[in-house]
Each structure stands twice: as C-alpha cells, then as structure tokens.
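Written below as structure tokens is the structure these notes are about.
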Amino acid sequence: MLSVARLTASGCGCGFSPISPGTIASAAALVPGVLLLHFSPALLPAVAFIAILAGLWSIRTARIEGDPGWVVIDEIAGQMLALCGLVHPSWRGVLAAFLIFRLLDVAKPGPIGWADRQSGATGIMADDVIAGAITAGIVWAIGSRWPSFVV
C-alpha cells in the first residue's frame, strides 16, 4: 500500500512513469502552474513554497534514502518556482521555463551540482529548487530584455 508520504514524494504517481519520470512530473506541474499564472499569479510563489515543504516532509516521513528516480516532488517544486519568472504567461514563456529548467536539472552546473551531492531530504530538494530559481531569473531576464519573446 502506498502511504500519503510516498504518494506525495512520487508527485501523485508521476514518479512511477517508466519513461523520464522527472520530465513527466515537470510537465504535470505546468498545468496548475499555468492556471495560477492566469488566474492568481500572486499565489504561484506560495504554491511553490508549499511544494518545497511537502517535498521535505514526504521524503523525511517516508524515510527515503538516496535520490530514487521515483521521487519527483523536487521536480514539481522546481518547475513551479521556474514559472515564477514569467510576468505574462505565454506558450513561449512556459516552454522556455520548462526547457531551461529541465536543462539545468539534467546538466547540474555549479551550485545545482553541489546541492545534488548533499544528502537527505534537503539534498534531494535543493538541486531542483536552485535550478527553478535560476530558471525563474533567466526567464525574467529574457522577458525584460525581449518582452515579445515571452508574451
């Protein structure tokens, strides 16, 4: 039987996808993220923060060791955070936030790689949170310089 903590850690089952569970979870996070951007953008950072807390709680409660591929709450939290860089959501902006986040999450440059090497729930969550924050900054900068790109 799947506990609430493991269900949360798996992103409501997204982590059990046989193909690219992290990418599936990131894509799934776009649905509520885009809805929040359209209807209540001020709530998106709060929802991202709640996802971070839910990730820390679920990983600790389920006593998850290492960083198993089925744990994708970190990707969901990071993707939600990445969307926070969009002032005016558009399909190009959302696609850019998704692709940049996934690129940073896979490549793990600089502080993202350092965070990935940390242990415990904080280590599992930190790399994606940092990747999401960096993505938000990049998307915001692109939108500030070239507003027509993300509108």
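The values are calculated or read from the model by the stated rules, or taken from the named source; none is laboratory data. This structure is a prediction, so every number in the text was calculated from the model and none was measured. All Cβ positions, even for glycine, are placed from backbone atoms using ideal geometry, and neighbour counts span all protein chains on display.
Structure values in brief
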| quantity | calculated |
| --- | --- |
| Residues within the range 111-127 that are within 19 Å of residue 47 (Cβ to Cβ) and in contact with a Leu (Cβ under 8 Å, 6 or more places away or on another chain), tallied | 1 |
| When residues of the range 65-108 are limited to those that are surrounded by fewer than 19 Cβ atoms within 10 Å (Cβ to Cβ) and aliphatic (A, V, I, L, M), the one farthest from residue 46 (Cα to Cα) | 107 |
| Test: residue in the range 133-146 that is among the charged types (D, E, K, R), at pLDDT 95 or above and more than 19 Å from residue 44 (Cβ to Cβ) | no |
| Selection status of residue 11, touching a Pro at 6+ places or on another chain (Cβ under 9 Å) and surrounded by fewer than 16 Cβ atoms within 10 Å (Cβ to Cβ) | no |
| Subset of the range 90-103 [touching a residue at least 60 places away in the same chain (Cβ under 8 Å), under 17 Å from residue 145 (Cα atoms) and not hydrophobic (A, V, I, L, M, F, W, C)] | 90 |
| Residues of the range 8-28 classified as over 10 Å from residue 73 (Cβ atoms) and touching a residue at least 24 places away in the same chain (Cβ under 8 Å), total | 8 |
| Subset tally (residues that are aliphatic (A, V, I, L, M), under 10 Å from residue 121 (Cβ atoms) and part of a helix (DSSP H, G or I)) for the range 31-66 | 2 |
